[in-house]
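To start, the structure under review is shown below, and the notes come after it.
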Amino acid sequence: MRLGVLDVGSNTVHLLVVDAHHGAHPWPAHSEKAVLRLAEQIGPDGALTRAGADGLVEAVGAARQAAVRLGADDLIAFATSAVRDATNAAEVLGRVRAETGVRLEVLAGADEARLTFLAVRRWFGWSAGRLLVLDIGGGSLEVAAGIDEYPEAAVSLPLGAGRLTRDRLGVDPTSATPPTPERVDELREYVDALLDPVVEQVAGVGWERPVATSKTFRTLARLAGAAPSGAGLWAPRRLTRTGLRQVLSFIRHIPPAQLAALEGVSVGRSHQLLAGAVVAEAALRRLDVESLDICPWALREGLILRRLDQIGPS
């Protein structure tokens with residue numbers, strides 16, 4: 001069957017169309033995305049701005065049309081932290097449904113962590129043993145650990161790269177100067193404080209194989225010397241704590257407007273890279289992880305796998 005997955009994230013609205021059936025590897029047939037940076041379009045009152053809502057409606061409508069055109073048998077549509085945390089979430093979701101016909105499922109943070117963990121488990125298999133999975137999005141950080149297909153511990157924290165860039169570093173894509181050392185140090189202290197309870201909870205579960213997903217971790221790994229995307233889906237990629245510290249030490253001195261010039265850094269979210277690196281470094285340091293495997297599967301694939309499990313063998 002052909003499945004469409006519409007991911008309304010904190011940075012992008014991403015449509016992925018795959019050909020899949022129960023027990024098989026989902027094969028991508030089409031992918032398209034619109035960069036909206038919803039996490040940065042939350043007003044002082046906590047509401048998604050009118051411009052942000054307009055952009056969301058337009059992007060969801062276009063994605064639905066593409067899914068229909070491509071012959072998708074089903075469309076799984078979901079939203080994560082940017083929409084979930086907005087004070088006008090119900091109004092925005094109602095407008096999206098009324099104007100596009102798409103009903104967005106709003107995932108709780110812990111559910112994001114669980115579904116991402118499922119995707120990672122299926123990618124690496126049972127031989128990976130106990131997994132630790134880290135995922136830095138635009139609005140939140142997900143941490144999960146366990147030995148089964150669903151984790152024993154699953155936590156979501158408001159430590160997304162977009163959210164912290166807006167709220168803590170105060171930079172935008174056109175900033176011509178990097179954040180001050182004081183702002184970066186304050187961000188690190190803030191991240192450490194929020195990680196405190198998670199470190200104890202996850203350490204109690206334990207793991208043999210630490211893994212990271214998400215665009216942020218893939219970009220940081222690329223800057224630290226991992227294989228480029230052109231090397232293919234199955235090329236092994238790793239990120240060491242030493243390599244991450246080296247990346248962090250030089251990108252903190254580069255103006256956000258210039259970060260996109262670095263190989264492997266996307267223009268749409270380059271200004272969020274520093275905040276993402278601070279979160280990644282803090283997570284590895286606090287969890288005493290020396291090296292991470294990078295998994296190409298994440299939340300979207302987890303949702304696909306869950307849906308195929310629900311359908312069962314044909």
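One table, with the values for the structure above:
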| quantity | calculated |
| --- | --- |
| Fraction of accessible area attributable to carbon and sulfur, the range 129-274 (%, probe 1.4 Å) | 52 |
| DSSP beta bridges in the range 1-139 [antiparallel fraction, %, rounded to 5] | 65 |
| Mean Cβ neighbour count within 10 Å, used as a protection proxy, ranking 236-242, 225-231 highest first | 236-242, 225-231 |
| Probe 1.4 Å - accessible area at GLU32, Å² to nearest ten | 60 |
| Prolate/oblate/rounded call for the range 35-141, Cα gyration tensor, a/c under 1.5 rounded | oblate |
| Where the chain is the region considered: accessible area per residue in Å², 1.4 Å probe | 42 |
| Under-5 Å amide H pairs with SER291, H placed in peptide plane, nonlocal only | ARG241 |
| All-pairs Cα distance distribution in the chain, expressed in whole percent, bin size 20 Å | 34, 61, 6 |
| Listed residues VAL198, VAL68, VAL35, most fluctuating in the chain (Gaussian network, C-alpha, under 10 Å) | VAL68 |
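The values are calculated or read from the model by the stated rules, or taken from the named source; none is laboratory data. Treat the numbers as computed from the prediction; the structure is a model and nothing was measured. Virtual Cβ from ideal backbone geometry, glycine too; neighbours counted across all protein chains shown. Keep in mind that these areas ignore ligands, DNA and RNA; they rest on the heavy atoms of the full protein, side chains included. Shrake-Rupley method; radii C 1.70, N 1.55, O 1.52, S 1.80 Å.
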